[in-house]
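The values are calculated or read from the model by the stated rules, or taken from the named source; none is laboratory data. Here the structure is a predicted model, which means the values were calculated and not measured. Cβ sites come from the backbone with ideal geometry, for glycine too, and all protein chains shown count toward neighbours. The area values use the complete protein model at the heavy-atom level, side chains included, leaving out ligands, DNA and RNA. Shrake-Rupley method; radii C 1.70, N 1.55, O 1.52, S 1.80 Å.
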Amino acid sequence: MLEAHPTCQTPSVQSLALTGLSGIGKTQIAIEYAYRVCGQGQSPHVLWINAANEGTILTSFVTIAHLLSMDLTPYERKPDALVADVLCCVEQKCEPWLMIIDNADNLELIQAYLPHSGNGRLLLTTQVTAVGMLALPIEVDCMEVEDGIRFLLHRARRLDTASPDEVAAARQIVLTLGQFPLALDQAGAYIEETGCSIATYLRLYQDHHQTLLARRGNAFTNHPNPVATTWSFSFQCLEQRNPAAAQLLRLSAFLSPHPLPEEFIRQGAAYWPSALQQAIMDPLAYNQLFQDLLAFSLVKRLSSNRLISVHHLVQVMQIDQMGAAERYEWAKQIIRAMHTLFPRDSTDMVTRSHCLRYLGQVEAYTILMQQQHLEAAEILAWASSHLAAHELYHIAEPLMRKAFSIREQRAGLLHPDTIQSLSDLAFLYTQQGKERDVRMLYEHLVRAWKGTGGSPHRTIVDMHIHINALFAHTNSGLTQEHQERLTRFLTSASWHEPQAQHNVEVESDTMCIVRKLRAQGVSIREIARRVGIARNTVRKYVRTESPSTTGRSPRQSVLDPYKSQIRTWIAEDGACTRKELFIRLKAMGYTGSLSTLNAFVHYMQCVEGDTVHSLPRATSSAFLPSCK
């Protein structure tokens, strides 16, 4: 590659620069190139300079002076003079020479140590992406998968003996480590030194990747530091140089390593830390973020397409360096930002394809999936509803499963939010043809209801709405036996005992609905179907003069101040969905739950005859965001 590559001249010295992440293999390529040009007689003199710092540079020049048989006595306290004379000697050599400047990450520092003429070539290795006119850059990328497999097996001393199963395990390791040469070298060293199988290493990495990435092995040669140590230094330097750039790197840790649209960073600025927000708003500061990141090759920026990407292991190490609280906060904000940028109209194919660019990127869900907070359940349920709106049911399902699990554990199965998640999960199962899973959810809920001796946390009407929606999701319908069992549970005395004020209010509301429908001439059978109660209960409510209040005056609903506005919205826009109503109410200061809104809308549908459209079939009336 290097032999055929054009070069820059400084002014008569040909110059190339190998750029890329630390540990990507730049030094190994330079060594291989040196051996080849020597073997082919192209450059009999190879001069190596370690440019990690000024001290290593001067040490390298002393070594070169020895090779040139120079008397060092006159230079004991004159290092600058030694450097100048060594360079002069090199420039005057008639034979071709090759000077390799390794670890040239400080381009300003090395300027004074480069030859400017002569019959030779310069080869730099550096993390800096932009080397300017100093040399022609060649980006060193990760290994191809097949090359990575051979490299790993060779390093582990298993190349000639590996079975097909071991080759398959090696392939998985290569992919897991992002085809990164230094990480593969460490893996091979561990396998060789411990004698473990390749499959065993793969299993160990899943649980102990931090330890393994920090272990270099005993037989290292040209790169003594492991991946963890190498990049930790880069991270520290970046933090000192530009804290906002360090925040951007932490943000990118939760995204896919595949190219990410830059507009996500810009448009989601309101959700990022203040330092990053300010940098994004200033065009010069925004570009400075990338300049500092590119100085360590920690990101790739495709300016023409406005895309950026980060290596998977960089992301892994960034997340490892965060505490649990910081990881949770980043994941939460990224998911909120992503779904805020979603278009409201999920049927618009143009905007849909635009926002799907984000969905393929986010890895933050996995962080929330590890949490047990109710807030995490809220965000997961909210994200799942957005995904379902775009018919991405297979992605939405595990998120809603986790939300349901958290809510069941923390709030109980009979809590309205938990039942909302159960209903939403049933919808997702139905959309994927998983009728058996829907039925299992129903049975799970019925068993819990049967085992309780008191009332649920909120209103029976809310539960009627949710369970009826669950029935609606089941295309094949539930058996008559199931429906009769459910009716018995919902109409049993224990569900209607006035043990708490909210139960009295619910009975009162339900009775009002029944009496109004009956006054409109609706049959008892139809009322029972609409409201979701037994026909005997309908008859009881029709005969009752007034709701049983046990001497207490009814309590006002938190929704009362907004009911006239809700009616206005529905009258102005008959296609307004419950989701939109809930979002509008929240903006006005509504502090109640979605279930309360559902109950009122249900009342309007049953009694007042208003046309309140459910969400489209693809999202279901039961599939509503439950974040507050």
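Taking the criterion of being open to solvent by 10 Å² or more (accessible area, probe 1.4 Å) and assigned to a loop (DSSP other than H, G, I, E, B), the residues of the stretch 257-270 that qualify are P257, H258, P259. Among the residues making up the stretch 387-421, a single one is part of a loop (DSSP other than H, G, I, E, B), within 20 Å of R336 (Cβ to Cβ) and either of a type in the set (F, W, Y) or open to solvent by 10 Å² or more (accessible area, probe 1.4 Å) (or both): L392. Reported count of residues in the stretch 202-251, each being closer than 20 Å to A169 by Cβ and hydroxyl-bearing (S, T, Y), is 2.
Among the residues of the stretch 77-108, those identified as within 24 Å of L21 (Cβ to Cβ) and in a loop (DSSP other than H, G, I, E, B) are N103, A104, D105, N106. Of all residues in the stretch 206-223, none are more than 30 Å from L153 (Cβ to Cβ), at pLDDT below 90 and not aromatic (F, W, Y). For the condition open to solvent by less than 30 Å² (accessible area, probe 1.4 Å), out of contact with any Leu (no Cβ under 6 Å at 6 or more places or on another chain) and in contact (Cβ under 8 Å) with a residue 40 or more places away in the chain, Q315 qualifies. With the requirement that a residue be open to solvent by 40 Å² or more (accessible area, probe 1.4 Å) and either more than 17 Å from A52 (Cβ to Cβ) or at pLDDT below 90 (or both), what does the stretch 231-250 give you? Selection gives F233, E239, Q240, R241, P243, R250. Checking each residue in the stretch 63-76 for being farther than 16 Å from P115 by Cα and outside any loop (DSSP other than H, G, I, E, B) picks out T63, H66, L67, T73, P74, Y75. Scanning the stretch 271-286 for residues that are under 19 Å from K332 (Cα atoms) and not in a loop (DSSP other than H, G, I, E, B) returns Y271, S274, A275, L276, Q277. Scanning the stretch 121-149 for residues that are within 16 Å of V46 (Cα to Cα) and out of contact with any helix residue (DSSP H, G or I) (no Cβ under 7 Å at 6 or more places or on another chain) yields R121, L122, L124. Can we say L184 is more than 23 Å from R301 (Cβ to Cβ) and touching a Gly at 6+ places or on another chain (Cβ under 8 Å)? Yes; evaluated as a whole, the condition is true for this residue. What single numbered condition from (1) surrounded by fewer than 21 Cβ atoms within 10 Å (Cβ to Cβ); (2) at pLDDT 80 or above fails to hold for S384? Result: S384 fails condition (1) only. Scanning the stretch 423-470 for residues that are assigned to a loop (DSSP other than H, G, I, E, B) and either buried (at least 18 other Cβ atoms within 10 Å of the Cβ) or over 31 Å from the mean Cα position of the chain (by Cα) (or both), we see that the one that is modelled with the highest pLDDT is T452. Return a yes/no flag: does the stretch 181-191 have any residue that is at pLDDT 90 or above, more than 28 Å from I149 (Cβ to Cβ), among the acidic types (D, E) and more than 25 Å from the chain's Cα centre (by Cα). No: zero hits.
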